[in-house]
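Written out below as structure tokens is the structure these notes cover.
Laboratory data are not the source of any read-out in this text; all were calculated from the coordinates shown. All values reported here derive from a predicted model rather than from experimental measurement. We place every Cβ from the backbone using ideal geometry, glycine too, and count neighbours over all the protein chains shown.
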Amino acid sequence: MSTELGRFRKWVEESDNIVFFGGAGVSTESNIPDFRSADGLYNQEYEYPPEQILSHSFYIRNSQEFYRFYRNKMLFLDAEPNKAHCVLAELERKGKLKAVITQNIDGLHQKAGSERVLELHGSVHRNYCEHCGKFYTAEDILSLDGVPHCTCGGRIKPDVVLYEEGLDNDILAKAVYYISHADMLIVGGTSLTVYPAAGLVDYYQGKKLVLINKSETAKKADLVIKDSIGKVFESLLLEEHMDQ
């Protein structure tokens with residue numbers, strides 16, 4: 001085991017108030033593309049830039065094109081949780097992990113068994129009629145053609161935070177609470193360049209800030225591990241089995 005992984009495991013063992021803050025890199029190992037990676041959606045060519053398509057104003061004025069992109073590039077309903085998702089769920093069951101704060105919208109943390117998940121950017125699995133508020137699943141959105149409409153005639157909108165839209169204040173407040181009270185904060189799969197979400201890390205007051213990411217991150221930490229996040233979390237399970 002490397003020195004970094006050894007220290008990571010030791011800190012996890014010693015801590016009982018861990019918070020995990022995750023970005024797109026947590027989901028890429030479940031074959032969900034990262035928008036900002038070298039081969040991610042932001043480096044592919046479309047009729048409009050993804051930032052524009054995924055904006056509130058574009059959704060309003062060109063819902064047809066928004067939904068064409070959304071169905072093709074945002075819905076990965078066959079994706080399965082990877083080792084990182086599963087180990088985080090296990091840490092929660094053991095009472096060590098108090099919350100998962102995620103920028104992802106795929107619902108894989110819940111699928112792995114995590115219960116206390118704060119979704120900063122919403123979820124593709126929640127969709128609501130803009131007129132009557134009726135709930136629709138992601139499967140419903142896939143099954144409908146063009147712009148999806150409710151039985152009442154209203155347009156259905158994903159419960160996903162688009163560009164030009166603000167984050168949910170209640171979720172932000174809860175994220176600040178968990179991070180500011182944590183004795184260990186693990187940040188994984190994010191370069192910490194997207195605000196306001198990245199600014200939440202600044203509320204951490206402890207001395208066990210761990211950054212796990214293959215590429216450089218925008219913040220300093222007490223421990224930096226440049227490796228696959230699934231591999232890093234799987235090492236906790238491997239060492240646990242070796243100790244038995």
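Some values worked out for this structure:
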read-out	value
Arg61/Lys111 FRET efficiency (R0 30 Å; Cβ-Cβ; nearest 0.05)	0.35
In the range 77-165, lysine pairs closer than 30 Å at Cα, eight or more apart or cross-chain	10
Scaled radius of gyration (Cα, divided by 2.2 N^0.38 Å) that the range 1-158 gives	1.21
Zone of His131's modelled label, taken as backbone nitrogen in the range 140-156 under 13 Å from a point 7 Å along Cα→Cβ	148-156
Hydrodynamic radius of the range 51-135 per Kirkwood, over alpha carbon pairs, in Å	14.7 Å
Net charge contributed by nearby residues that have their C-beta within less than 12 Å of Ser228 (K/R +1, D/E -1)	+1
Selection from Ala89, Ala79, His109, by position along the positive dipole direction of the range 70-131 (Cβ)	Ala89
Descending Cα extents along the principal axes, the range 116-211, whole Å	53, 25, 23
Computed over the range 141-220: relative contact order in percent, which uses C-alpha pairs under 8 Å that are six or more apart	26 percent
Volume per residue that the Cα convex hull of the range 84-126 spans, once the total is divided by residue count, Å³	58 Å³
Contour minus Cα-Cα distance for Phe76 and Asp140 (0.36 nm per residue)	21.7 nm
Contact order relative to length of the chain, as percent, for alpha carbon pairs under 8 angstrom and 6 or more apart	24 percent
Percent antiparallel among DSSP beta bridges (both partners in the chain, rounded to 5)	30 percent
